[in-house]
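Colleague: Sharing a structure here in structure tokens format.
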Amino acid sequence: MLATKDQHCIWHPFTQHYTADAPIVITQARGAYLVDENGKEYLDLISSWWVNLHGHAHPYIAKAIAEQAQRLEHVMFAGFTHEPAINLAECLLQIAPSYDKVFYTDNGSTAIEVALKMAYQFWLNQGQKRAKFVAFTGAYHGDTFGAMAVGKTSGYYDPFFDLLLEVTFLPYPATWINDDSVDEKEAAAIQSLERYLEDHAQGTAAIIFEPLIQGASGMHMCRPRFIETVVKRCRQVGVLTIADEIMTGFGRTGQMLACDTLNGHYPDFLCLSKGITGGFLPLAVTLCTNQIYEAFLGTSYAKALTHGHSYTANPLACAAALASWDLFKQEQTLSKINTLSQAQAHWAEALSAVPCVEKCRQQGTILAFNLRNFNPEQLQKFKRTVIENGLNIRPLGATVYTLPPYCVTPEQLRSAYVKVIDYIS
Ligand SMILES: Cc1ncc(COP(=O)(O)O)c(C=O)c1O
């Protein structure tokens, strides 16, 4: 009933409505499970597009939002401020102490737009026109125009190619378990970067990357040392660096931030969203240093960053984010992340032994593999089978991945992987 009504009036994201199955009506969620209108449960192995951290409908976050809603639901964020935004900014700067300022937006794509605009105007405010941006092949940074431009090679944007900013794409050394060509690929990728910087560093505003894992284009993983070298080299020649941790932030790769693996070489900008509110409400931030911030100061408004959204720093979203951060401490979430990462490592090994599995890879709580020689019909069948059997897994082409909420239990994981191995074998 509801699904039919939905089909009459709703246009869903990333959906070819001509061929898509009717959407599943979810009426409740708890812990790692979504529950549909018939009471059927789905283990949410992809954390509802990578946003959920502590489990669905966590009462502590729900309560914090309800209390905040009765005090202050929203206020415009230019000329006004409020305690939840201030407290959250202070928390974020504790999590990421290399940064000094927090700029709020309301989704991952806009956090990226802000970083790109800040980088461009940083140079402009100092009399330099640097119009070039650099990204890695296969990167995905969101669906607004600037984000699409730096994610042009993600495979999602063909209709818009003619409208996008010019961006240079450099090779990305994707790797996996038992990959014996990783050193070679990394050396070649660094060489390409060096060549680019030699010729174009002066005119380049910034380079952007998803540290450790390129998500939406297929969960391509790289070693921390590659990203560390990119940051170091770019900094030496004065090219700004932007880390898109929209997927990887808040523990997904095993530590709070993927950039925590870079031996202290934090990029100039850090973009966070998705998990920031524990998966309850839309919110995003772009963090930068005082060096960037100060380039926007002056007596003229022309030097300011003219960017903002109606719901910037929404108090309910900030309250949810603060509650999520409390839960990290109360529930010892980092230790849960550690346990989940170990379980994922175990299953990565088990999956590597399955004949149709290739390029199995794992980074913290994220596990991914490719299905060898599966044709589109087989992939479609797999997609339907998992959902029919109560697993929310949404493959990216031939790439199957899991990115579970941190409350998932070893037994829930085991039962899911046993089913997955059965369906693909
Ligand atoms: C790495 C990365 N950057 C940016 C985005 C865009 O975020 P949003 O969908 O909130 O706009 C995503 C979304 O999947 C992402 O994974």
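Colleague: Report, by residue number, each residue of region 115-130 that is closer than 22 Å to T153 by Cβ and either within 16 Å of the ligand (Cβ to nearest atom) or open to solvent by less than 60 Å² (accessible area, probe 1.4 Å) (or both).
Modeller: Result: A115, L116, K117, A119, R130.
Colleague: Taking the residues in region 49-61 that are farther than 15 Å from P84 by Cα and among the hydrophobic types (A, V, I, L, M, F, W, C) as candidates, determine which candidate is most open to solvent (accessible area, probe 1.4 Å).
Modeller: Applying the first criterion (farther than 15 Å from P84 by Cα) to region 49-61 yields 49-60.
Narrowing the set further to residues that are among the hydrophobic types (A, V, I, L, M, F, W, C) leaves 49-51, 53, 57.
Details: W49: 105, W50: 23, V51: 37, L53: 0, A57: 61 Å².
Restricting to residues being farther than 15 Å from P84 by Cα and among the hydrophobic types (A, V, I, L, M, F, W, C), the top hit is W49.
Colleague: Could you please give the count of residues in region 41-82 that are among the small types (G, A, S), under 30 Å from L396 (Cβ atoms) and away from the ligand (no atom under 16 Å from the Cβ)? Full working, then the answer.
Modeller: Start the filter on region 41-82 by keeping residues that are among the small types (G, A, S), which leaves 47-48, 55, 57, 62, 64, 66, 69, 78-79.
Applying the additional criterion that residues be under 30 Å from L396 (Cβ atoms) yields 47-48, 55, 57.
This time we only want the ones that are away from the ligand (no atom under 16 Å from the Cβ), so: 55, 57.
Residues flagged as among the small types (G, A, S), under 30 Å from L396 (Cβ atoms) and away from the ligand (no atom under 16 Å from the Cβ) within region 41-82 amount to 2.
Colleague: Here's another thing I want to ask about it. Within region 234-275, take every residue that is more than 20 Å from V150 (Cα to Cα) and of a type in the set (D, E, K, R) and give me the one that is least open to solvent (accessible area, probe 1.4 Å).
Modeller: Checked region 234-275; the qualifying residue least open to solvent (accessible area, probe 1.4 Å) is R252.
Colleague: While we're on this one: Hey, can you tell me all the residues within region 234-271 that are out of contact with any Pro (no Cβ under 7 Å at 6 or more places or on another chain), more than 10 Å from the ligand (Cβ to nearest atom) and part of a strand (DSSP E or B)?
Modeller: Those that are out of contact with any Pro (no Cβ under 7 Å at 6 or more places or on another chain), more than 10 Å from the ligand (Cβ to nearest atom) and part of a strand (DSSP E or B): L240, F269, L270.
Colleague: Turning to a different aspect of this structure: Give the residues of region 154-183 that are over 17 Å from the mean Cα position of the chain (by Cα) and part of a helix (DSSP H, G or I), sorted by residue number.
Modeller: Passing the criteria: D158, P159, F160, F161, D162, L163, V182, D183.
Colleague: A further question on this structure: Tally time: how many residues in region 83-114 are more than 10 Å from the ligand (Cβ to nearest atom) and open to solvent by less than 60 Å² (accessible area, probe 1.4 Å)?
Modeller: 16
Colleague: Continuing with the same structure: Could you check region 235-273 and list, in sequence order, the residues that are without any contact (Cβ under 8 Å) to a residue 24 or more places away in the chain and closer than 21 Å to S335 by Cα?
Modeller: Residue satisfying the conditions is D260 alone.
Colleague: Which one of Q291, Q344, Q380 is more than 26 Å from T110 (Cβ to Cβ), assigned to a helix (DSSP H, G or I) and open to solvent by 60 Å² or more (accessible area, probe 1.4 Å)?
Modeller: Q380
The values are calculated or read from the model by the stated rules, or taken from the named source; none is laboratory data. Note that the structure is a prediction, hence the values are computed from the model and not measured. Quick reminder, even Gly has a Cβ in these numbers, built from the backbone with ideal geometry, and neighbours come from all protein chains shown. Keep in mind that these areas ignore ligands, DNA and RNA; they rest on the heavy atoms of the full protein, side chains included. Shrake-Rupley method; radii C 1.70, N 1.55, O 1.52, S 1.80 Å.
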